[in-house]
Ligand SMILES: [Zn+2]
């Protein structure tokens with residue numbers, strides 16, 4: 001009888017510790033967005049090739065992807081009007097496995113700094129053929145291009161003359177990327193920005209293409225961070241390309257395994273959160289790509305920190321995550337620290353430079369919260385990013401402190417110094433009100449203090465129960 005009673009009490013304690021709570025519903029924050037857009041073409045880096053629109057091209061290239069040999073051949077036309085014509089690829093592309101395996105009608109002048117082929121001036125339709133070598137088993141190496149029997153993903157080579165590339169068969173040519181093989185293009189418009197999602201038939205997306213393209217368009221309107229590029233090309237890629245994603249100005253790719261569920265990221269190691277919105281955020285960082293602005297050395301951490309922070313924050317503004325998911329993410333991220341990270345010093349970003357993602361995002365969650373508190377919710381971190389993007393010249397750490405002061409209406413210099421120039425972590429900016437019970441439960445279950453408190457509470461309940469039982473027996 002006595003043991004049945006104890007067992008019942010233990011089961012009750014266990015239930016209190018493990019019961020789940022229904023998440024809060026998400027709130028969409030509509031922000032005022034200055035609707036101005038920029039032409040992305042002039043921001044494309046020199047080492048990246050670009051396919052220009054047909055109307056602007058002196059030379060045209062017709063693409064053909066052979067799925068059996070897994071080779072992409074570009075046949076150049078209309079060379080009669082040009083005196084010289086060069087095709088180049090950088091060592092970055094070479095290091096990522098891209099090879100030119102044939103160049104009919106070109107002299108090979110390649111060197112240590114990359115591939116370089118000069119047209120012989122005679123062949124009327126010269127050709128170069130590309131492939132990708134050393135493709136690893138999925139997810140194991142840093143591969144960003146692919147050539148397989150179902151699809152291919154290649155960089156656009158650099159050309160000495162304005163060149164337009166297009167497929168004779170199925171494929172999509174962006175500005176800097178070529179996707180070979182059958183694909184579907186999904187589009188959405190957000191004010192002056194057009195979003196295109198290019199999905200190869202070979203991909204197996206974890207989120208539906210409609211959800212992805214609509215989420216990108218919502219983020220485009222909701223993120224009040226200054227001018228946007230007139231269009232964004234988002235490529236879904238699949239194995240053998242590594243997991244995660246990468247962005248180049250207004251274009252990015254994301255592995256098809258990516259989801260909107262950032263809770264699952266903690267099992268994967270690298271914390272990108274929602275990779276779709278992480279890479280989209282990069283396209284809104286004019287301080288990374290635009291010619292009028294860049295970041296000072298002590299601010300380099302801000303690029304990945306803000307992409308990681310907004311991957312979570314922008315998802316939370318949509319239906320895909322609640323303030324409670326947001327809170328749980330940053331609570332978890334600040335618990336799992338990797339060494340003594342000093343954000344202002346790149347050599348102190350820890351293993352695989354993870355500190356800029358992890359501590360960087362925690363600091364920005366705290367800063368966003370401070371700005372909201374100081375301005376009674378009138379301003380958010382968006383206003384800081386906006387001012388950085390529209391800054392003229394280099395955004396130094398001193399400029400950043402001034403921007404934060406202007407946005408918050410009060411200087412936060414010593415708070416910023418403590419968390420950016422030393423290894424001190426801030427308390428993350430948790431949305432506690434929306435998530436009180438959930439947070440209390442996490443703190444009870446996953447911190448030592450919480451576990452001790454829970455154990456003591458259970459002992460008290462058991463002790464009191466035992467006394468009541470004895471009292472009743474007497
Ligand atoms: Zn990133």
Could you figure out which of (1) within 14 Å of the chain's Cα centre (by Cα); (2) at pLDDT 95 or above; (3) within 14 Å of the ligand (Cβ to nearest atom) isn't true of residue 313?
(3)
Which residues, taken from the range 296-309, are in contact with a strand residue (DSSP E or B) (Cβ under 8 Å, 6 or more places away or on another chain) and either away from the ligand (no atom under 12 Å from the Cβ) or modelled with pLDDT under 95 (or both)?
296, 299
I'm trying to understand the selection: among the residues of the range 184-242, which are within 22 Å of residue 135 (Cβ to Cβ) and touching a helix residue (DSSP H, G or I) at 6+ places or on another chain (Cβ under 9 Å)?
199, 205, 236
In this structure, does residue 450 turn out to be within 16 Å of the ligand (Cβ to nearest atom) and part of a helix (DSSP H, G or I)?
no
Of all the residues that make up the range 66-120, how many are at pLDDT 95 or above, in contact with a helix residue (DSSP H, G or I) (Cβ under 8 Å, 6 or more places away or on another chain) and not in a strand (DSSP E or B)?
1
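Would you confirm whether any residue within the range 296-306 is closer than 25 Å to residue 447 by Cα, in a helix (DSSP H, G or I) and under 12 Å from the mean Cα position of the chain (by Cα)?
Within the range 296-306, the first condition is being closer than 25 Å to residue 447 by Cα, and the residues that meet it are none.
No - not one qualifying residue is present in the range 296-306.
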Condition check: buried (at least 16 other Cβ atoms within 10 Å of the Cβ) and touching a strand residue (DSSP E or B) at 6+ places or on another chain (Cβ under 9 Å). Does residue 100 satisfy that?
yes
Does residue 173 satisfy the condition of being within 21 Å of residue 41 (Cβ to Cβ) and surrounded by fewer than 18 Cβ atoms within 10 Å (Cβ to Cβ)?
no
Going through 166, 211 one at a time, which residue ends up being surrounded by fewer than 18 Cβ atoms within 10 Å (Cβ to Cβ), at pLDDT 95 or above, over 16 Å from the mean Cα position of the chain (by Cα) and closer than 18 Å to residue 312 by Cα?
211
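For residue 223, indicate whether it is out of contact with any strand residue (DSSP E or B) (no Cβ under 9 Å at 6 or more places or on another chain) and buried (at least 22 other Cβ atoms within 10 Å of the Cβ). Working first, answer last.
Values: out of contact with any strand residue (DSSP E or B) (no Cβ under 9 Å at 6 or more places or on another chain): yes; buried (at least 22 other Cβ atoms within 10 Å of the Cβ): yes.
When the stated conditions are applied, residue 223 passes them.
The values are calculated or read from the model by the stated rules, or taken from the named source; none is laboratory data. Just so it is clear, the model here is predicted, and its values are computed rather than measured. Glycine also receives a Cβ, built like all others from the backbone with ideal geometry; neighbour counts cover every protein chain displayed.
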